[in-house]
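Below is one structure, written out as structure tokens; the observations come after it.
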Amino acid sequence: ADESSGYESESAERAGAAAEGGTRGRQRRARTAFTSEQVCRLEKTFQRQKYLGATERRKLAAALQLSEIQIKTWFQNRRMKLKRQI
């Protein structure tokens, strides 16, 4: 009779995270520590092509054992780094 949907505890967690300066209830994802091999492969791919299509991104993610989102984000950040350098 005293079952909870979990919804109440969820909102309490969100309020606690917001009070602690969190990002509105969302946990920030831990920063990915790329291995030197991964960075080397990403850099080589970036030298050949600045933008990856979905197929290339999927293949590269599988080869490097990373998620497609990590690959996408890395390329976005790398393009911004190149833009700052220029």
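Which whole-number percent of Cα pairs in region 36-85 have a distance greater than 12 Å?
Tail of P(r) above 12 Å: 61 percent of Cα pairs.
Under 5 Å between amide H atoms, partner at least 5 residues away or on a different chain: which partners does GLY25 have, H built in plane at 1.01 Å?
Answer set, sorted by chain and number: ALA18.
Please compute the net charge surrounding SER36, taking Lys and Arg as +1 and Asp and Glu as -1 over other residues with Cβ under 15 Å from its Cβ.
That works out to 0.
Throughout, read-outs are computed from the coordinates displayed, never taken from laboratory work. These numbers come from a predicted model, not from an experiment. When we count neighbours, we look across all protein chains shown, and the Cβ atoms used for this are built from the backbone with ideal geometry, even at glycine.
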